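What follows is one structure encoded as structure tokens, with my remarks underneath.
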Amino acid sequence: MSPIVKLTDVHKYFGTYKVLEGVTFEVPRGGVAAIIGQSGSGKSTALRCINALEAIQGGTIDVCGHAIQDPELNRRALRCDVGMVFQSYNLFPHLTVEQNIMLAPTCVKLMRKPQARDLAHQVLAQVGLAEKAEHYPEQLSGGQQQRVAIARSLAMKPKLMLFDEVTSALDPQLTGEVLKVMEELARGGMTMILVTHEMAFARKVASQVIYMHKGTVWETGSGTMLDSPRTAELRSFVNNGL
Amino acid sequence: MSYRFDFLALLPYWREFLWGVLLTLQISATATVSGFIIGTICAIARADGSPFIKRLVATYVEVIRNTPLLVQVFIAYFGIATLGVHVSANVAASIALTVNVGAYTCEIVRAGLQSIHRSQMEAAECLALSRTQIYWHVVIRPAIERVYPSLTSQYVLLMLASSITSQISAAELTAAANRIQSVTFRSFETYIAVGFIYLVLSFVVRAAFALFGQTVFTRRRKLGTAL
């Protein structure tokens with residue numbers, strides 16, 4: 001099956017500091033890739049490059065047929081295919097949950113309000129928050145806010161979802177409810193790339209684990225790779241996590 | 001000291017006071033609305049425009065904020081006349097106050113824009129919103145909601161400062177007072193009365209802004225918390 005995301009020898013610098021030094025990996029349609037690694041290993045940057053939030057200085061990235069390195073890249077078309085969820089939720093505080101979700105479908109897809117509202121309720125039900133439509137983000141717990149952020153992305157019917165440490169700001173219980181939603185998405189066939197520190201989740205749900213170290217893909221394999229690491233770096237990373 | 005107050009002497013002139021009030025409100029409302037639009041556009045330009053535009057706006061803001069309003073009013077009044085365009089003192093006053101309050105609005109709104117975290121724009125970008133849509137839905141509205149109290153103070157100040165335009169004989173409240181006291185010779189009473197009227201006007205303007213804010217910023221009305 002042709003990959004939906006393909007990074008080839010991607011290089012990224014912040015000034016003279018090299019963040020990515022030749023990152024190569026691909027994710028097939030329906031695949032769930034978990035990127036793990038220490039802070040500063042470049043995993044979040046790699047994810048942001050996939051969504052063209054960061055410019056790359058070398059290599060190529062193909063996402064659903066969009067060439068990210070192309071200066072003429074149509075960013076809005078790319079973002080219609082790719083959904084992204086952030087560590088800090090980034091909900092719009094002045095809008096209700098429902099309005100947060102309706103904004104993009106009405107603005108970008110020119111959907112009429114009643115349809116957009118139906119859609120909002122549908123994706124909210126999907127993340128188990130149908131009754132919170134009228135609430136404002138600040139009235140929700142962190143876990144609920146993050147599920148709304150996921151629903152907001154889902155409303156755009158993306159082909160690929162990116163999750164950037166989406167549970168890092170949550171306690172174990174709230175983390176659990178967010179991971180449950182993500183697991184259901186994965187089971188529903190959504191292609192997902194997640195940067196995560198949840199090793200158990202990576203082991204259980206990911207079809208592919210990518211261990212990044214010093215700006216490169218150090219080791220990659222299936223979830224069981226975490227049980228028998230080949231490299232000393234991954235071994236020490238996994239052991240420290242326990 | 002045996003001054004005897006005689007406020008009744010002013011009573012026959014209530015119509016002139018009323019006209020003054022109406023003109024003060026008209027001039028300030030005009031300057032508030034157009035100054036708000038100009039200021040907001042300038043704030044966006046200063047935050048996100050080309051280097052040339054940024055410098056242009058910065059110059060406008062600094063020149064206006066570092067010169068006296070009275071001088072600006074004179075320049076507007078005599079300057080427009082020199083161009084051969086005939087405008088009334090009231091119109092010249094409105095223009096001068098608009099230009100003045102536009103510069104202050106620009107700085108206030110700019111503070112609001114800067115308070116919107118980059119991650120908000122990033123999230124909107126990731127939802128495929130266009131630049132204009134991002135500004136409209138995600139940046140400007142919450143930015144203005146945050147600086148709304150400062151804007152309110154600025155526009156109340158503007159209403160009070162409009163008294164300066166009596167100097168080019170714009171027919172607003174202070175000009176009316178000047179005329180009345182020159183006829184009645186009751187200067188003290190006249191200006192006390194006018195001061196009181198301004199006080200009432202300030203409360204009315206503040207209340208109007210509060211009411212408007214409650215209508216526009218739904219979240220604030222429902223939750224009663226600052227953004």
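Just so it is clear, none of the values below were taken in a lab; they were calculated from the coordinates. Just so we're clear, the structure is a prediction, and the values are computed from it rather than from any experiment. A quick note on method: Cβ atoms are made from the backbone with ideal geometry, for glycine too, and the neighbour counts reach across all protein chains shown.
Key figures for this structure:
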{"quantity": "Relative contact order (%) - chain B, alpha-carbon pairs under 8 angstrom, separation at least six", "calculated": "28 percent"}
{"quantity": "Cα-centred dipole magnitude for chain B, charges only on beta-carbon of K, R (+1) and D, E (-1), debye, nearest 20", "calculated": "500 debye"}
{"quantity": "Rounded Å value of the spacing that divides the Cα centres of the stretch A:132-172 and the stretch A:202-217", "calculated": "23 Å"}
{"quantity": "In the stretch A:92-146, the GluC sites (Glu not before Pro) that fall in loop regions by DSSP, at most 16 other Cβ within 10 Å", "calculated": "A:134"}
{"quantity": "A:148, B:63 arranged by Cβ crowding within 10 Å, fewest neighbours leading", "calculated": "B:63, A:148"}
{"quantity": "The stretch A:160-242 - Kirkwood radius from inverse mean 1/r over Cα pairs (Å)", "calculated": "13.5 Å"}
{"quantity": "Antiparallel content of DSSP bridges confined to chain A, in %, to 5", "calculated": "55 percent"}
{"quantity": "Distant-in-sequence amide H partners of residue A:83 (H built 1.01 Å from N, under 5 Å)", "calculated": "A:159, A:160, A:161, A:162"}
{"quantity": "Unsatisfied cross-links (Cα-Cα over 32 Å) in the set A:6/A:180; B:54/B:222; A:113/B:54; A:12/A:157", "calculated": "B:54/B:222; A:113/B:54"}
{"quantity": "Per residue, the convex hull volume that the Cα atoms of the protein assembly as shown enclose (Å³)", "calculated": "214 Å³"}
{"quantity": "Stokes-Einstein D for the stretch B:7-223, Kirkwood Rh over Cα pairs, 10 °C, 1.306 mPa s (µm²/s)", "calculated": "83 µm²/s"}
{"quantity": "The stretch A:24-44 and the stretch B:163-209: distance between their alpha carbon centers, rounded to Å", "calculated": "70 Å"}
{"quantity": "Helix-derived mean residue ellipticity, 222 nm - over the protein assembly as shown, DSSP H n ≥ 4, -39500 (n - 2.57), to 500", "calculated": "-17500 deg cm²/dmol"}
{"quantity": "Nonlocal amide H pairs with residue A:4, under 5 Å, H built at 1.01 Å", "calculated": "A:27, A:29"}
{"quantity": "Aspartates and glutamates with Cα under 15 Å of residue A:214, excluding same-chain neighbours fewer than 8 positions away", "calculated": "A:9, A:21, A:233"}
{"quantity": "On Cα atoms only, tilt of A:113-126 relative to the major axis of chain A in degrees", "calculated": "50 degrees"}
{"quantity": "Whole-Hz ³J(HN,Hα) from phi, Karplus 6.51 cos²θ - 1.76 cosθ + 1.60, for the stretch B:204-217, glycine and proline x", "calculated": "5, 4, 4, 4, 4, 5, 4, 5, 4, x, 4, 6, 7, 9"}
{"quantity": "Per residue convex hull volume, Cα atoms of chain A, in Å³", "calculated": "128 Å³"}
{"quantity": "For the stretch A:102-242, convex hull volume per residue from C-alpha positions, Å³", "calculated": "127 Å³"}
{"quantity": "Derived scalar couplings ³J(HN,Hα) [the stretch A:201-210; Karplus, 6.51 cos²θ - 1.76 cosθ + 1.60; whole Hz; x for Gly, Pro]", "calculated": "5, 4, 5, 7, 9, 5, 8, 7, 10, 10"}
{"quantity": "The protein assembly as shown - share of DSSP beta bridges that are antiparallel (%, nearest 5)", "calculated": "55 percent"}
{"quantity": "Ranked B:18, A:174, A:110, A:154, criterion: other C-beta atoms within 10 Å, fewest first", "calculated": "A:110, B:18, A:174, A:154"}
{"quantity": "The stretch B:38-157: equivalent-ellipsoid semi-axes (sqrt of 5 x gyration tensor eigenvalues, Cα, Å)", "calculated": "33, 15, 12"}
{"quantity": "Footprinting exposure proxy for B:2, A:168, A:153, B:182 (fewest neighbouring C-beta atoms within 10 Å first)", "calculated": "B:2, B:182, A:168, A:153"}
